[in-house]
Each structure stands twice: as C-alpha cells, then as structure tokens.
Amino acid sequence: VNTKQLAKSVASGERSSLARAITLVENNEEEAVLLLDLLAKKTGGGFVLGVTGPPGTGKSTLVDRLISAYRAKGLKVGVVAIDPTSPISGGALLGDRIRMMSHATDQGVYIRSMASRGWSGGLARSTAQVVQLMDAAGMDVILIETAGIGQSDIEVVGIAHAVMVVFMPGMGDDIQVLKAGLMEIGDIYVVNKSDIEGADLMVINIMSLAGNTKSRAPVVLKVSALKGEGLDGLVESIEQLRAKFSEGSSGLRIRSVRGMILELAKSNILEDFKRTSESRVDKLALEVLNGKLTVNDAARRLSK
Ligand SMILES: Nc1nc2c(ncn2[C@@H]2O[C@H](COP(=O)(O)OP(=O)(O)O)[C@@H](O)[C@H]2O)c(=O)[nH]1
Ligand SMILES: [Mg+2]
C-alpha cells in the first residue's frame, strides 16, 4: 500500500489502516511525516482532552466511564493510554486494557496503548502524531491518559485542547510536591474516589492551590468513578470546554497546536543532536582529558 492510499483509508476511518499508520508514527518512520502531511486537512475536528494525575487515582477507570458517556451521545472516541511500562511495573498495561475492555469490540472506540519508556521528547511527539491520526480518522473526542509519573505528563497534555487532572482523597502532602506542574495546567480538577474518606478536604486543598494562580478559574469536582457518582457533572464540565472548542475558540485551539509544534520541534532537535553528537563527543572528551578544553567548553561546542 502506498502512502497516498494509506492516507485515504485512514481518513475513511478504516481501523486496520489507522493501526498501521500509528505503528509508522511510533517507529518514527520517515513515511509517517508524509502521511501526516497528506492528512493535515482532515484534522481539527476532534476535541482532545488530556487526563493526567498521579498513578492509582483512577484515571483509567474515569476514561472508561467517559468513553461510555460519549458513546451514549453517539460520538466516536479515541484513547491514547500511555503506560508506565518499565521492567518493574509492566503490569500496568494489562490493568488499563482490562479496565477499558468493555469497549474492546465497539467499532466507535479506538484504544491505543503506548509505552512511556524511552526519552520523553519522543513520547510527546508520537502522542501528538497519534492524536492527529485519530482526529483524521474521524474520532470526535480523543482522550489522552498519561502515566502520571513526571515531567513528560506535562509535555504530553500540552498537546491537548483541555486538561483534566485527577487526584484522590488523602494526597495532601503529595499535592504540595506536585503543585509546580499539575496545579497550573488543569481546566478541570477531579477528586476521584469520593466514596472514601477525605474527599471534601481534598477539594478544599485543590481550590487553594489551583484556584489562586493567575487568572484561571478551574473547575473542581468530586466524583466516584467506581460508584458512578458525580459523573454527569464531570461530563457537563467537559462538554462546556468542548462547546468552546466547537465554536472555534482560538484559545483552546492555539494551545493544542502550539503544544504540538513545540513537541515536534523538540523531537527534531534532539534527533539531529543525537545523530551528530555521537561522532564528535569522543574527540571532545579526549581534548578535555588532555587539558585543552574544559567540560563546559566541550559541551558548548557540541551543542552548537
Ligand atoms: N474506591 C474507589 N476506587 C476506585 C475508584 N476509581 C478507581 N478506583 C480503583 O483505583 C485503582 C486504580 O485505578 P486506575 O483507573 O487504574 O488508576 P490510574 O492509575 O490513575 O489509571 C483501581 O483498583 C480502581 O478500581 C473510585 O471511584 N473509588
Ligand atoms: Mg491508568
């Protein structure tokens, strides 16, 4: 199949072609860039929501609930689930799969897991490209669930139109630590697991940390994904953001496009750097050892 044909069948929503295209992107094949350029005019219709927050707070469970809610509205849903795959926590992938299994045979749902291992620039890049593919394939809502493990989460949700941050009761101290990143990026803060103690305190905590920043007025909600409580309110809040997006709000659209440009550019720069630095670094190291250069000099030369 040539790239033009592949682009055509992706745009017609053919699942096997979408799967093939995503694999091209993940492997960072040159063909992927060509494919995405061919599909560029087909994108811009899907609303992209980033779902982030520490591991175990119930992101996957909530995503599963959101899939159901959007399917009930007759919309097509794409999910990019970034798994904290490592030799140690390799089980996470299976967990997410099982949690979203109820949608596995639904033709209106497309779920793709991506490994988070590897350098973070590459992860945000490939996520941005997979999102573009899902968008071109006609997904109305695209959910990105991050691994919840660090800076790469912030980069990944930077490519979304809007961001939902998920916490759970009893994270008082953690939230202080997380403040720098997570408390600035959310449009919606969810305290999940309201069926366990401490949810109200957590809501107050978040309000004081997220509410006071700049001119933002994020929504803070209490839900139980497990018991299905508070989900209507959550969907309503997301729908308000999606309505803004559909009306053509340039703010939301610029945020996503800006994030995508930044992540693609960063990825390109790093790839170029990796290609050219390998051959030069040995020579520079020798010069440092011979006292001809300092480490700083050498680094400056290598980064030019
Ligand atoms: N009690 C309670 N447990 C929940 C709720 N939502 C999710 N969980 C459980 O929390 C655990 C982690 O959920 P998961 O969705 O995998 O979290 P993630 O790591 O953020 O994706 C699982 O055992 C879920 O069944 C909830 O509303 N209440
Ligand atoms: Mg998860």
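The values are calculated or read from the model by the stated rules, or taken from the named source; none is laboratory data. Quick caveat, the model's predicted, so the values are computed rather than measured. A quick note on method: Cβ atoms are made from the backbone with ideal geometry, for glycine too, and the neighbour counts reach across all protein chains shown. Accessible surface is based on the protein model in full, side chains and every heavy atom, while ligands, DNA and RNA are left aside. Shrake-Rupley method; radii C 1.70, N 1.55, O 1.52, S 1.80 Å.
The figures follow:
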| item | result |
| --- | --- |
| Sole residue being open to solvent by 10 Å² or more (accessible area, probe 1.4 Å), in contact with a Leu (Cβ under 8 Å, 6 or more places away or on another chain) and at negative phi, chosen from 42, 73, 4, 8 | 4 |
| Residue among 235, 220 that alone is closer than 16 Å to residue 51 by Cβ, away from ligand 2 (no atom under 16 Å from the Cβ), assigned to a helix (DSSP H, G or I) and of a type in the set (Val, Ile, Thr) | 235 |
| Any chance residue 78 is more than 13 Å from the chain's Cα centre (by Cα), at pLDDT 95 or above and away from ligand 1 (no atom under 13 Å from the Cβ) | no |
| Residue pairs meeting the criteria (Cβ under 8 Å; at least 6 apart or on separate chains; first under 21 Å from residue 57 (Cβ atoms) and within 16 Å of ligand 1 (Cβ to nearest atom), in the range 133-152; second among the acidic types (Asp, Glu) and open to solvent by 10 Å² or more (accessible area, probe 1.4 Å)) | 145/96 |
| Residue check, residue 266 basic (Lys, Arg) and in contact with a Gly (Cβ under 8 Å, 6 or more places away or on another chain) | yes |
| Answer from 57, 61 - the residue that is assigned to a loop (DSSP other than H, G, I, E, B) and within 16 Å of ligand 2 (Cβ to nearest atom) | 57 |
| Residue match in the range 134-142 (condition: part of a loop (DSSP other than H, G, I, E, B), more than 16 Å from residue 253 (Cα to Cα), at pLDDT 95 or above and among the small types (Gly, Ala, Ser)) | yes |
| Positions within the range 279-303 being in contact (Cβ under 8 Å) with a residue 12 or more places away in the chain, in a helix (DSSP H, G or I) and not hydrophobic (A, V, I, L, M, F, W, C), in sequence order | 280, 301 |
| Residue, farthest from residue 293 (Cα to Cα), within the range 267-282, restricted to residues that are over 24 Å from the mean Cα position of the chain (by Cα) and surrounded by 12 or more Cβ atoms within 10 Å (Cβ to Cβ) | 273 |
| Residues satisfying the stated conditions in the range 45-58, i.e. at pLDDT 95 or above and either open to solvent by 20 Å² or more (accessible area, probe 1.4 Å) or touching a His at 6+ places or on another chain (Cβ under 8 Å) (or both) | 45, 47, 48, 49 |
